[in-house]
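Peer 1: Before we start, here is the structure in question, set down as structure tokens.
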Amino acid sequence: METQLCDRNKLSMALAFMRFQLKAVLQVFSASVESKNQGQGQDQDQEGRFRFLPEFLVEDPSSLILFAARYAPDVLLSPELMPPAPAPSLLGDLYIDLVSLGLNNPESIRNPHLKSKLVDVVHALTYCDPEDDTDYVDTNIAKLQPRFMVHPVVGQFMMSLMSARRAKQLVGALLRLYVDVEHTESTSSFYDKFNTRYNIARILRSLWKQPQSHYLDETIEFFTLNPSKNSHASILVVERFVSRLTSDTTYLLDESLSKLSTIKSIEQDPNYINQNNNNNDNDNNDNTNDNNASDTTSQLLSAERQASIYITLAHETVHILAFLACKVPDPFRAEELVLRLAAMLNYNLDVLAGPKCNDLKVKNMYDRFRFNPRLLLSELLSVYTSLSTPFPQINHENLESLESSPPYLFLSALAQDSRSWSSSIFYKAIDLCSKYSLKPYSSLQQLARIGTTVNDLVLQFTDLDELTSGADGNGQDTDVPEEFLDPLMYTLMTDPVMLPTSNMVVDRKTIKAYLLNDPRDPFNRMPLDYCDVVEIPDLKRRIVEFRQLQREKLKNRKREA
């Protein structure tokens, strides 16, 4: 089939046929969506008619357009596919309408692989080579002229996406799919989701940097959480997006760096070096050595292939995290997410700038894997500066008043991460940025200020923890009532709520963070919606009084000291 399609005339005729096919499909699809939006009392048969159409009516045009974009893009600019207005063009009108309707009405296209195919086509038609990226966050990168020329069909398609209406349709649809692709019925869904999310990130990145583009404004509006304007569903999508992004960053960086470590250990293995040096001397190698060499080579090739994939995904995920944290920091500082985000940042900073960083040095690592540790380090540190802005004025007397301040929530989360926070590694990372001129001087100053502030908070939290976890500093036990402790985290709660499905009491931020990944009660696995949790004002009042009492004890101790 593909061999026949390499004939330009046959491919052009097939695409012309698909243009008419898409027009017919969109008529049914649009009528179905319109009937649904009008509500009850309308033609129910019309509403469900699109769902009864076979999937190949959408998949075949997508596959054909993707084939043409890769192997014969000139055909996509033919007059038969781009007739004069008001006749609809294949790409700029019909296909992008299909993508908008399909992704904004997920119940109409239920097959996750078909949704991914739509994203693959849009990614191919908005392609911008990663080698030409210069939009890194708070990072000094030389502005080079583009080294790769994209086909005119990309520019033509991008122009068709530049209207405010298109931006509003596509931004929300792509970000929702970024979240929804987490769970599919496929056995390989865990790995498939990374490819779809990478394509979504590249699409948005290409659209954000277009001149006079509405896409960045729409993205910022989408992430601006305002309960009076945004529906609960929209807020939930944003929270889940941040949660997924944090999890992906942790996994992809961990896998990338572990594969590099594996490659280095294999390449430095004396047996592998000897086998490599003697690979042309067949007389000195017996069958056993040949088998061992073959196994080692297979392991190395597998690790190299996986490292290349994971590193590409990790670079893009870290950039999206840094970019969105800079533009819309508040969702990343939400109380239920900030502790996990801070732990992820501190852990990966330890890997990139700590003692383990020597394990990442592989020969020709940029040419082989496009691995740029300095860029990763700089963009990770930009998350620290973005989420701590505007920088709060912190002292012993105003801690209570700052508890609701988003920048303070992030700084306190860094301080509470006793497992990974290390001031020496943090300052080493700053020194590396200064040594290689990765950041402007103002950013280096703010990072140094973050380090000093977090170290002070660590000391304050250590004293407060002593008062709320067993000792008051004078050898006297401080009993924390069991009912004040979160049963999942075993920490002192701040806002206790009861789960109606199990009648268990947990901290609000704990259960909210849990439900973002698993919508079931953690105690009995029954379905649970966050909106159904029940507040316990009396218990909350007693916890507040207990915390205030411990703070007064801490202040008295400071004065006596």
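Peer 1: What are the residues in the stretch 117-138 that are open to solvent by less than 20 Å² (accessible area, probe 1.4 Å) and at pLDDT 90 or above, if any?
Peer 2: Once the filter is applied, which keeps residues that are open to solvent by less than 20 Å² (accessible area, probe 1.4 Å) and at pLDDT 90 or above, the stretch 117-138 yields Leu118, Val119, Val121, Val122, Leu125, Thr126, Val137.
Peer 1: Find all pairs meeting these conditions: Cβ atoms under 7 angstrom apart; at least six residues apart or on different chains; first residue within the stretch 499-525 and over 15 Å from Leu485 (Cβ atoms) and assigned to a helix (DSSP H, G or I); second residue open to solvent by less than 70 Å² (accessible area, probe 1.4 Å) and not charged (D, E, K, R).
Peer 2: Pairs found: Lys512/Tyr530; Ala513/Leu337; Tyr514/Pro522; Leu515/Leu528; Leu515/Tyr530.
Peer 1: Okay, moving on. Does Met504 fit the bill of being modelled with pLDDT of 90 or more, of a type in the set (A, V, I, L, M) and open to solvent by 50 Å² or more (accessible area, probe 1.4 Å)?
Peer 2: yes
Peer 1: Please pick out the residue among Leu90, Leu15, Leu76, Leu94 that is over 18 Å from Met159 (Cα atoms) and either open to solvent by less than 40 Å² (accessible area, probe 1.4 Å) or in contact (Cβ under 8 Å) with a residue 60 or more places away in the chain (or both).
Peer 2: The conditions single out Leu15.
Peer 1: Regarding Ser63, is this residue open to solvent by less than 40 Å² (accessible area, probe 1.4 Å) and small (Gly, Ala, Ser)?
Peer 2: no
Peer 1: Is it the case that Ser108 is under 26 Å from Arg165 (Cα atoms), of a type in the set (Ser, Thr, Tyr) and within 28 Å of the chain's Cα centre (by Cα)?
Peer 2: Yes; evaluated as a whole, the condition is true for this residue.
Peer 1: Something else: For the stretch 292-333, how many residues meet the condition of being open to solvent by less than 30 Å² (accessible area, probe 1.4 Å) and basic (Lys, Arg)?
Peer 2: Going through the stretch 292-333 one residue at a time, the tally reaches 1.
Peer 1: Checking Phe223 against (1) farther than 28 Å from Ala342 by Cβ; (2) touching a residue at least 60 places away in the same chain (Cβ under 8 Å); (3) of a type outside the set (Asp, Glu), which single condition isn't satisfied?
Peer 2: (1)
Peer 1: While we're on this one: Residue under question is Asp431, and the condition is that it be under 24 Å from Cys357 (Cβ atoms) and not aliphatic (A, V, I, L, M); does it hold?
Peer 2: yes
Peer 1: Thr501 - would you say it is closer than 23 Å to Phe461 by Cβ and touching a Leu at 6+ places or on another chain (Cβ under 8 Å)?
Peer 2: no
The values are calculated or read from the model by the stated rules, or taken from the named source; none is laboratory data. Remember, it's a predicted structure, so these values are computed and weren't measured experimentally. When we count neighbours, we look across all protein chains shown, and the Cβ atoms used for this are built from the backbone with ideal geometry, even at glycine. With ligands, DNA and RNA removed, areas are computed over all heavy atoms of the protein, side chains included. Shrake-Rupley method; radii C 1.70, N 1.55, O 1.52, S 1.80 Å.
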